[in-house]
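The values are calculated or read from the model by the stated rules, or taken from the named source; none is laboratory data. Worth saying up front: this structure is predicted, and the values here are computed from it rather than measured. For neighbour counting, all protein chains shown are included, and Cβ atoms are generated from backbone atoms with ideal geometry for every residue, glycine included. With ligands, DNA and RNA removed, areas are computed over all heavy atoms of the protein, side chains included. Shrake-Rupley method; radii C 1.70, N 1.55, O 1.52, S 1.80 Å.
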Amino acid sequence: MSDEHQVDIYPSMTVEREREAEKIEPLQLGKRLKEIRVAHGLTLEEASKRTGLARSTLSKIENEQISPTFQAMQKLAGGLEIDIPQLFAPPKQIRATGRRDITRIDEGKPHPTTTYEHELLATQLTNKKMMPFKSRVRARRFEDYSDWIRHDGEEFLLVLSGEIIFYSEFYEPVNLKEGDSVYYDATMGHMLVSVSNEDAHILWVTAS
């Protein structure tokens, strides 16, 4: 197999990685405390009983009216069953990007190789954190590959039709039939071969 085919054999090897710039926001201890209390499903009264701090004190801390002493932070951490550093961790910001991409049946982007006939899905989206694609497994023998396939990330595989043998360098080969699936570390060498009469079809999802 040529180097070109070996490099391009797997579309999952081209998954793009998106790194969002981290923004440093001012510490809002009161907001963080309320977030933790609500996540625990506690009212101010219940949190007061757990921590030994007065309800009015907790309310003032949450509303940034007073700053807790170190002793108060110890009581908060003990009562809420968290570590003190968690009080200073910035709250996670969840932002909906509204991204969506529909791929109609047989309208994916073809990506043929010597061992697979890939159909790339959701190709209009860039900087994806996962790469979904369907494949027809052409390979019929272990020897059809010049080397193990390995790349960054983790991978999920679902057999849509037919039967395959899933080879991996740290485990014994395993037969997978329609409806069977496997999730694995993609840095571990792996490869597939069809063993059914017709070439097997699979769904692959690679996450970076």
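In the range 80-146, counting only strands (runs of 3 or more DSSP E) that sit wholly within it, the ones holding 3 or more residues that are open to solvent by less than 40 Å² (accessible area, probe 1.4 Å) span 116-120, 130-137. Which one is farthest from Val182 (Cα to Cα), of the residues in the range 102-158 that are among the acidic types (Asp, Glu) and under 19 Å from the mean Cα position of the chain (by Cα)? Taking the candidates together, the pick is Asp152.
Of the candidates Glu178, Glu155, Glu143, the single residue that is among the acidic types (Asp, Glu) and farther than 25 Å from Asp106 by Cα is Glu143.
Note on the range 26-63: residues that are at positive phi and either touching a Leu at 6+ places or on another chain (Cβ under 9 Å) or among the hydrophobic types (A, V, I, L, M, F, W, C) (or both) total 0. Number of residues in the range 34-65 that are touching a Ser or Thr at 6+ places or on another chain (Cβ under 9 Å), open to solvent by 70 Å² or more (accessible area, probe 1.4 Å) and part of a loop (DSSP other than H, G, I, E, B) equals 1.
Only residues that are modelled with pLDDT of 95 or more and not acidic (Asp, Glu) were counted in the range 143-169, giving 12.
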